[in-house]
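Here the structure comes first, spelled out in structure tokens, and everything after it is commentary.
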Amino acid sequence: MGVPAFVVTALARSRTARRIVTMLLAGVTILILVALAPLAIIPMALAGTSLTAPAAAVGTGPVPAVSGDWGYPVAGDYFKGRGFGYNPVGGCSYCSTDHQGYDMSQGCGSSIYAAGTGTVITAGAFSGWGNTVRIDHGGGLVTLYGHMQWGSLRVSVGDAVIAGTAVGAEGNTGRSFGCHLHYEIQRAGIAIDPEPFMAALGLPLK
Ligand SMILES: [Zn+2]
């Protein structure tokens, strides 16, 4: 006795129906995953934007890489701005053309750190560098951190610091053309190129 044709048809239909439902479910699942993906990115974005709140966030993020007594003045990746030497800024008449430091940026409000052991000799407005920290490392060596946000400094003149001590937040004060850190190194009062200096310490810049 054969299976009635209408049963076969019904089974086939139901199989087809099941396939359709399965495909629909898969489709819906993919759509939901695609829709939720940005939600997973939002916390990361929030973590990033928290750095723009200077007063509370300075020094609360990841710490900079350190080699011996020295470290980077910022934690993690950064955008390279102007290097040392002749570097005019297009559209900025007041910016220096002979650049005395190395510009790096992670965005307004990101934390700036002391690069080495020393004593703070400047903490505040400092000529064209705006809100500035200078650290005397001894032996005639001074590092300078320029253009930080007003009100963001975490150190005062006379403070002892080490590599990784948070000093302030990236800003756009003084003769600056957008938020960045002007990182300057002086030996005997003369600015030297930070790139070979840092490279020799095992802390190559970009
Ligand atoms: Zn600069």
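Note down the magnitude of the dipole of the range 55-200 about its Cα centre, charges +1 on Lys and Arg C-beta and -1 on Asp and Glu C-beta and zero elsewhere, to the nearest 20 debye.
For the range 55-200, the charge dipole is close to 200 debye.
Working only with C-alpha atoms, what are the Rg and Dmax values of the range 75-127, expressed in angstrom?
Looking at the range 75-127, its Cα Rg and Dmax stand at 13.4, 37 Å.
Please compute the modelled spin-label separation between residue 93 and residue 162, points set 7 Å along Cα→Cβ, answer in nm with one decimal.
Simple spin-label model gives 4.9 nm for this pair.
Throughout, read-outs are computed from the coordinates displayed, never taken from laboratory work. Please read these numbers as outputs of a predicted model, since none were measured by experiment. A quick note on method: Cβ atoms are made from the backbone with ideal geometry, for glycine too, and the neighbour counts reach across all protein chains shown.
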